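S.K.: First the structure, then my questions, so here it is.
The values are calculated or read from the model by the stated rules, or taken from the named source; none is laboratory data. Quick caveat, the model's predicted, so the values are computed rather than measured. Methodologically, a virtual Cβ is constructed for each residue, glycine included, from the backbone with ideal geometry; neighbour enumeration extends over all protein chains shown. Protein only, heavy atoms only, side chains kept; ligands, DNA and RNA dropped before computing areas. Shrake-Rupley method; radii C 1.70, N 1.55, O 1.52, S 1.80 Å.
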Amino acid sequence: MSRLIVIEGLDGAGTTTQARLVVEALRQQGVPAHLTREPSDGPVGRLIREMLVGQHSIDGQPLSQTTFSLLFAADRLDHLQREVEPALARGEVVISDRWYHSSLAYQGTATERAWIDLLNQRARRPDLTVLLRVRAETAARRRLAAGRAQELFEDLAMQERVAAGYDQVFAALTDREPVVVLDGEREVDRVFAELMRQIAPLLPAR
């Protein structure tokens, strides 16, 4: 039984770590699982990643949030066609590190969320989306400890706005799609255990 499960959160919330742990656990249980991420590894996704580390600008100015919204939406549909839908068609459980919720939280701080939502109307709705909620300060400490270079959207003030954006987005989505909010400040193993508990009802019976 194919499923699309998304893990969301601030940069430093642990989404990448938890997505990897979930896929490893599913495979150990004999469940076919596919790990992916956004921005994707496709051509548009690679361009976005370059932009996030400042490799592209217009006359020395970073691209606008509106431009990023369009690029992320294009990458998402390309990602869906190239990678996600084929994996689902093979009967795999797809675990994605981010989806359109990131666009709503990040680009939604500077442009209308309704417009971003419209851009993503053709993106598949996940069977479950889990937000790992952490404070912006916690996420910043984790990024620093990991030795990561700061990307475009990672200054503390921006991350605080994004954290508030995530809370608003998930509150609005509660009646539209299956979403869960977990405390991402806890130890990695405790977050992982709770994630697996949330995912378990979606898995094929063994």
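S.K.: Which value at 222 nm does the chain reach when only helices count, each DSSP H run of 4 or more adding -39,500 (n - 2.57), with the total divided by all residues and rounded to the nearest 500 deg cm²/dmol?
M.R.: Roughly -14500 deg cm²/dmol at 222 nm, from the helical runs in the chain.
S.K.: Looking at the chain as a GNM with Cα springs under 10 Å, which of Arg98, Arg125, Arg186 has the largest mean-square fluctuation?
M.R.: So, out of Arg98, Arg125, Arg186, the one fluctuating most is Arg186.
S.K.: Which sequence of Asp97, Asp167 reflects their accessible areas, 1.4 Å probe, from the largest down?
M.R.: If we order Asp97, Asp167 from most to least accessible, we get Asp167, Asp97.
S.K.: What is the set of long-range amide H partners of Ala33 at a cut-off below 5 Å, with H atoms built 1.01 Å from backbone N?
M.R.: For Ala33, whose amide H was placed from the backbone, the distant partners under 5 Å are Val93.
S.K.: Just reorder Thr129, Thr66 by solvent-accessible area, largest first, 1.4 Å probe, all chains present.
M.R.: Thr66, Thr129
S.K.: Also, quick follow-up: Calculate the spin-label point distance for Asp41 paired with Thr66, positioning each point 7 Å from the Cα along the beta-carbon direction, and give it in nanometres.
M.R.: Roughly 3.5 nm, to one decimal.
S.K.: Could you please tell me the mean projected area of the C-alpha convex hull for the chain, averaged over all directions and given in square nanometres to one decimal?
M.R.: 11.2 nm²
S.K.: Suppose R0 equals 25 Å. What FRET efficiency, 1/(1 + (r/R0)^6) with r the Cβ-Cβ distance, do Ala114 and Arg49 give to the nearest 0.05?
M.R.: Given R0 = 25 Å and the Cβ-Cβ separation, E is 0.40.
S.K.: Let me ask something else about it. Give the ranking of Glu194, Glu8 by solvent-accessible surface, highest area first, calculated with a 1.4 Å probe.
M.R.: Highest to lowest solvent-accessible surface, that is Glu194, Glu8.
S.K.: What figure in square angstrom, to the nearest 10, would you give for the accessible area of Asp155 with a 1.4 Å probe?
M.R.: 60 Å²
S.K.: Quick one: how many Å² of Arg113 are accessible to a 1.4 Å probe, rounded to 10?
M.R.: 70 Å²
S.K.: Give the angle, between 0 and 90 degrees and rounded to the nearest 10, that separates the Cα long axis of helix 65-79 from the longest principal axis of the Cα atoms of the chain.
M.R.: 30 degrees
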